[in-house]
Amino acid sequence: MDISTLTIASARAAILERRTSAVALAESFYQKIEAADKQIGAFLTLTRERALAKAAQIDAIADKGDPLPPLAGVPIAIKDVMVMRGVRSTAGSKILSNFVAPYDCTAVARLEAAGAVVLGKTNCDEFAMGSSNENSGYYPVHNPRDLSRVPGGSSGGSAAAVAAGMSVAALGSDTGGSIRQPASFCGVVGLMPTYGRVSRYGLIAFASSLDHIGPLTKTVNDAAILLKHIAGRDPLDSTSAEVPVPDYEREIEKPVRGLRLGVPREYFGEGLDPEVRAAVEAAIQKMAQIGCEVVPISLPHTRYAVPTYYVIATAEASSNLARFDGVRYGYRSPQAGTLSEMYRRSRDQGFGAEAKRRIMLGTYVLSAGYYDAYYLKAQRVRALLTRDFEAAFQRVDAIVTPTSPTPAFKLGEKCDDPLAMYLADIYTVTADLAGVPGVSVPCGESKEGLPIGLQILGRHFDEGTVIRLAHVYERARSG
Amino acid sequence: MSDNRQPITEKDVLYVAELANLELTDEERARMVKDLNSILDYVDRLNELDTSNVEPMAQTSDRYGIDESKAGTARFAYAMREDKTGPSLPREVVMENAPETDGAFFKVPKVIEK
């Protein structure tokens, strides 16, 4: 069996039909990881013992002939910002290099309860802050499609693990594009659900009003399957919404004819790579052929999205990261005579450059004298950005754009210019600010063979329409 | 540099670092002055917008996914829970991650400084 092309659907069929066992499947993936991950760097921690125990449990059920759970034996990878009991959970940061979590993240627990086998924890930018994975406190991830290039970020390890066939699927997190942008760079599917759709209990917080958990997969169908299992109200996360969860596997089969697709002109302006533009425009044309109605629209405040995001996200990050003080868990500097020295030196030595930059910016915009000018101002513009979407969704059912202005860039290319790096998120941050769901689905390649992603955004809690469109497009493109 | 903003100085960086409980090396501080100014120049773009009649928006979850048939806090009834104690992590499990502990408490360097 060629495991590199396995999907959730085909892996679970193989186990159901006893063509392989869950243990054998997990072992094959560990062999693949051992062979391939030295060059890629997608994993930070392997959870072999827990994976094989879970797989053995699945095989025992199968041996007895009892009904198997829906994700029985499906190998998945988890971004290292989600905690698992008894497993080192670093969030890509040195400050948590020795942190072994005492409880399970709800999304991970739900997948395991459905029978999934967690292979390991994937590399990411420190505290999910970055667009290239170069901010990992451990080592950068290399794009499996071209090892000299970044996989995107911050869920670059999850995207690379799936793209390289080292995992069938993965969970990532998205605060400003961190699922969709790496999915686009690595040529996989990345889905950010609506804010509130998936519990964040056990997600190490970056910016709480913007953080989302979602799947990275090889197909849209697989994204629908994972979403179905992780979605829904969780009493342990008060921001998880009490909204009924549809059966997304059925949702994607519904017809798309007559759906109205908005194409916002602001997403096709200066800075968009011509090859990305051509691929996305061809994809939109294809969707018109399938029967969607293409409607030119405007999201007039788009040029304010990145600055709004970097004020709000850093403000929330500075507050969330205040908890890392060397007292209760995480790194403590040994060179400290007093408590305040211990706080400062633990944080100084534990955080990397980007985390410090964002803590500083966030502290500044919240500080006396600047709160109104920056933080409140950004919150007001956030309302305007959200109204742009509300107005657009009066007229259209979904919005299609490029996921990222360029294909994957070279490692080191943007390291010295934080602003240039922030602009890699220019088409993704607005959905996080407005809380709407979005997917990135592969829509072509550059001349150099680098993947290009099409982004589809939808109304709040209408992931069904988003993935249905992505699914139909995916099928039309391959077929 | 925009006309209406005082640039961030090394002194500002020192002050903010203190608020954030960071020390920063000389080199990091110099770099921070440059980076923060470059980012804030870009953020100044927000001042092009008149937002005097726009309410600040802290969350999307206070607008979507709520029970719109109800008013006030009843709209968020799903987020409420009974005020009763439930199980929490055992102390010894929590202390396994403590940098320094006597088993019952977290130990820290001396708190009162001269």
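The values are calculated or read from the model by the stated rules, or taken from the named source; none is laboratory data. Computed from a predicted structure; not experimentally measured. Methodologically, a virtual Cβ is constructed for each residue, glycine included, from the backbone with ideal geometry; neighbour enumeration extends over all protein chains shown. All accessible areas refer to the heavy atoms of the entire protein, side chains included, with ligands and DNA or RNA removed. Shrake-Rupley method; radii C 1.70, N 1.55, O 1.52, S 1.80 Å.
Counting only helices (runs of 4 or more DSSP H) that sit wholly inside the range A:410-479, those with at least 1 residues that are aromatic (Phe, Trp, Tyr) are A:418-422, A:463-478. Screening residue A:352 against (1) within 23 Å of residue B:8 (Cβ to Cβ); (2) among the small types (Gly, Ala, Ser); (3) buried (at least 23 other Cβ atoms within 10 Å of the Cβ) leaves a single unmet condition, (3). Scanning the range A:199-222 for residues that are touching a Phe, Trp or Tyr at 6+ places or on another chain (Cβ under 9 Å) and in a strand (DSSP E or B) yields a single hit, A:212. Residue A:173 fulfils the conditions (1) open to solvent by less than 10 Å² (accessible area, probe 1.4 Å); (2) among the polar types (S, T, N, Q); (3) not in a strand (DSSP E or B) except for a single criterion, (3). Among helices (runs of 4 or more DSSP H) entirely within the range A:310-395, having at least 3 residues that are facing chain B (nearest Cβ under 7 Å) and within 24 Å of residue B:48 (Cβ to Cβ) singles out A:377-395. Looking at the range A:70-92, which of its residues are over 21 Å from residue A:3 (Cα atoms) and part of a loop (DSSP other than H, G, I, E, B)? If the condition is that a residue be over 21 Å from residue A:3 (Cα atoms) and part of a loop (DSSP other than H, G, I, E, B), then A:80, A:81, A:83, A:84, A:85, A:86, A:87, A:89, A:90, A:91, A:92 are the ones that fit.
Residues in the range A:302-319 that are open to solvent by 20 Å² or more (accessible area, probe 1.4 Å) and within 20 Å of the chain's Cα centre (by Cα): A:316 alone. Could you tell me whether residue A:366 is without any contact (Cβ under 8 Å) to a residue 60 or more places away in the chain, closer than 21 Å to residue B:57 by Cα and open to solvent by 20 Å² or more (accessible area, probe 1.4 Å)? Taking the combined requirement at face value, the residue satisfies it. Selection of the range A:111-143 for residues being closer than 25 Å to residue A:416 by Cα and surrounded by fewer than 24 Cβ atoms within 10 Å (Cβ to Cβ) yields A:134, A:137, A:138, A:139, A:140, A:142. Scanning the range B:5-39 for residues that are more than 8 Å from every other protein chain (Cβ to nearest Cβ) and in contact (Cβ under 8 Å) with a residue 24 or more places away in the chain turns up B:5, B:7, B:9, B:33, B:37. Scanning the range A:16-52 for residues that are among the hydrophobic types (A, V, I, L, M, F, W, C) and modelled with pLDDT under 95 returns a single hit, A:16. Considering A:413, A:445, A:474, the condition of being of a type in the set (D, E, K, R), within 30 Å of residue A:164 (Cβ to Cβ) and buried (at least 18 other Cβ atoms within 10 Å of the Cβ) is satisfied by A:474 alone. Among the residues of the range B:47-59, just one is acidic (Asp, Glu) and either touching an Asp or Glu at 6+ places or on another chain (Cβ under 8 Å) or within 7 Å of chain A (Cβ to nearest Cβ) (or both), namely B:55.
Residues in the range A:108-129 that are hydrophobic (A, V, I, L, M, F, W, C) and closer than 18 Å to residue A:207 by Cα: A:124, A:127, A:128, A:129.
Taken together, the residues in the range B:68-78 that are more than 16 Å from residue A:194 (Cβ to Cβ) and within 11 Å of another protein chain (Cβ to nearest Cβ) amount to 3. Contact map, the range A:20-46: residues that are part of a loop (DSSP other than H, G, I, E, B) paired with residues that are surrounded by fewer than 17 Cβ atoms within 10 Å (Cβ to Cβ), Cβ distance under 7 Å, separation 6+ or inter-chain. Pairs shown: A:20/A:1; A:41/A:139. When we screen B:44, B:62 for residues that are of a type in the set (Asp, Glu) and either more than 9 Å from chain A (Cβ to nearest Cβ) or in a loop (DSSP other than H, G, I, E, B) (or both), the only hit is B:62.
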